[in-house]
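Derivation of every value follows stated rules applied to the coordinates shown; laboratory data play no part. As the structure is a computational prediction, the values presented were derived from the model and not from experiment. Don't worry about glycine lacking a Cβ; one is built from the backbone with ideal geometry, like all the others, and counts go over all protein chains shown.
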Amino acid sequence: MAEHEVDPKVLLADRGYDSDAIREDVRARGGTPEIPTKKNRRVQHSVDRALYALRNRIERFINRLKNSRRVATRYDHTASSFLGFAMLASIRQWISFVHAAYCQVRVTTTAHLDRSAERTGSGVSALG
């Protein structure tokens, strides 16, 4: 499997990666570093907070993937096998998210229909 290095458009990183060398490398590749500066730095760089908030979501998702023991311990011997299991774990997380969102929409819709029936006095509830 051939690896192709891709130049990043945006690099999201935490304060541990705040160095001039990393910032210059990202800029040389045509990207934008979104790294909050350390408190002791003389020159403070601004960060797009909305974009930087995505880093937290990505980090939390990877943490959930690591709840799968096989992903966390990397038992697989080949990269393709590990990637396949990481994809299965991702799909499992996605399905649970979609299921939770569907249930939330269903509960909200049912409650709305019940309130509508009460207002109209039809006496018919959403549950039958």
* Among the lysines, which fall within straight-line cross-link reach of Lys66, defined as a Cα-Cα distance under 27 Å, with same-chain neighbours fewer than 8 residues apart omitted? -> Lys9
* Prolate/oblate/rounded call for segment 1-65, Cα gyration tensor, a/c under 1.5 rounded -> oblate
* Hz values of 3J(HN,Hα) by residue in segment 38-45 - Karplus curve (6.51, -1.76, 1.60), Gly and Pro given as x -> 5, 5, 8, 6, 5, 9, 8, 9
* Structure fact -> Residues whose built amide H sits under 5 Å from the amide H of Thr32, excluding neighbours closer than 5 in sequence, are Val10, Leu11
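Taking 35 Å as R0, compute the FRET efficiency from the Cβ-Cβ separation of Arg92 and Asp14 and round it to 0.05.
The formula returns an efficiency of 0.85 here.
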* Please work out whether segment 26-111 counts as rounded, prolate or oblate from its C-alpha gyration tensor, where a ≥ b ≥ c are the square roots of the eigenvalues and a/c under 1.5 means rounded, while otherwise a/b larger than b/c means prolate and anything else oblate? => oblate
